[in-house]
Amino acid sequence: MKEWERRSLVTAEENKSFKSGFVAIVGAPNVGKSTLLNKLLKQKISITAPKPQTTRNRITGILTGGDYQIVFIDTPGIHKAEDEFNRGLVDTALSTLSEADAVIFMIEPDTAGQHMNEFILQNLREIGTPVILVINKVDALSDKRLLLPLMQRFQERMDFRAIIPASALSGDGTDQVLAGVLALLPEGPKFYPEEYVTDQPERFFVAELIREKIFHLAHQEVPYAVAVMVDRFTEMEERERIEIDATINVERDSQKAIIIGKGGLMLKEIGKQARKEIETFLGCHVYLSLFVRVQKNWRKDLRALAEFGYRQGG
């Protein structure tokens, strides 16, 4: 290839249009928002659990391709909030809508969360941001003939840019979701270096992975009464090992007893499972120490909510 031809190709590549933007993922609790984000990124950055209202913060996931960068924002599930803590979660989710270039609105094919879906639709109509409707968990739909009437009903309720049946768990339909998002993005610059997959610090994800294990191992109300704080995060021997001290805050002595377990077995299991995932996430050996502290009624305490990082946004 001649030099002038090579330079022409380089110039053409440099002038190639680049798309970028912010995309909010919203929906009722436990609809699969975090699972979809992890699948789109091909990397776990948002914790998941078979219980509703697992996500508490806005989780930012960054997907960079050859000619695009998408900043996904996974939001807490929108639900009827009855206390200060949960009102903060809903405010966080709703405030994200006005900041986004596009929205992925996720529902399930059954009628679960129908009231919340209408509430979310009302907010989406008001902001006027382009919306893609993703009907998740269609692989669990017993009668697939119900899918088309459901799509038609929602199309009549709002002018969606696309309606996509999908299974975030298996990945079916996620390529179509990505294509639909790219079609809505404006031209723009990269917001982050291409190696970034999130803008959250490592300490945040360490706390989240510990909290995820509590959701999986503890039952009933206990996981919802937990806030995890990383007290120490020390890199040793040029990051060959990281030493972490974390505190699991609960609201009552009875919850502390459950988290510790008989003979400390529950706390040991939480630490064992969390350390394994933290090592995978950080890519090095981890020494993890967990402590349990009672912080009375922290979900109703504005000072405690701020200390635990649950009053940003909204």
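Please treat every number below as a calculation from the coordinates, not as lab data. What you are looking at is a predicted structure, and each value in this text was computed from that prediction instead of being measured. So basically every Cβ, Gly included, is an ideal-geometry build from the backbone, and we count neighbours across all protein chains shown.
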| Backbone N under 18 Å from the GLN200 label point (7 Å along Cα→Cβ), restricted to segment 104-143 | none
| Per-pair calculated FRET efficiency, R0 = 30 Å: LEU302 and LYS276 via Cβ, rounded to 0.05 | 0.25
| Around ILE164, which amide H atoms from residues at least 5 apart in sequence, or from another chain, sit under 5 Å from its own amide H, with H modelled in the peptide plane? | LEU133, VAL134, ILE135
| Nonlocal amide H pairs with GLY309, under 5 Å, H built at 1.01 Å | none
| remark: Inter-part gap, Cα centre of segment 127-202 to Cα centre of segment 250-286, in whole angstrom, is 34
| task | Could you give log10 I(q)/I(0) at q = 0.14, 0.17, 0.35 Å⁻¹ for segment 251-292, computed by the Debye formula over C-alpha point scatterers of equal weight, without solvent? | result | -0.37, -0.50, -1.14
| request: Using per-residue counts of other Cβ atoms within 10 Å, averaged over each peptide, order 252-258, 30-36, 222-228 from highest down. | output: 30-36, 222-228, 252-258
| request: Within 10 Å, count the other beta carbons around each residue, average over each peptide in 173-180, 17-24, 125-132, and list them highest first. | output: 17-24, 173-180, 125-132
| message | Given points 7 Å out from each Cα along the Cα-Cβ axis, report the ASP172 to LEU148 separation in nanometres with one decimal. | response | 1.7
| note | To the nearest 20 debye, segment 130-254 has a Cα-centred charge dipole, built from +1 on Lys and Arg Cβ and -1 on Asp and Glu Cβ, of 820
| remark: Which of LYS39/LYS268; LYS39/LYS300; LYS39/LYS190; LYS42/LYS256 exceed 32 Å between C-alpha atoms? The answer is LYS39/LYS300; LYS42/LYS256
| Full-extension gain in nm, ASN123 to ASP231, via 0.36 nm per residue minus C-alpha separation | 35.1 nm
| If you line up the Cα atoms of segment 202-307 on their principal axes, what length do they span on each, largest first, in Å? | 41, 31, 18
| said: Using +1 at the C-beta of Lys and Arg and -1 at the C-beta of Asp and Glu, which of LEU185, VAL228, GLN152 has the Cα lying farthest in the positive direction of the dipole of segment 146-263? | reply: GLN152
| What FRET efficiency comes out for the pair PHE191/SER254, r = Cβ-Cβ distance, R0 = 51 Å, nearest 0.05? | 0.65
| request: Provide the per-residue ³J(HN,Hα) series for segment 211-219, in order, calculated from phi with Karplus coefficients 6.51, -1.76, 1.60 and θ = phi - 60°, each as a whole number of Hz, with x at glycine and proline positions. | output: 5, 4, 5, 5, 4, 6, 9, 9, 10
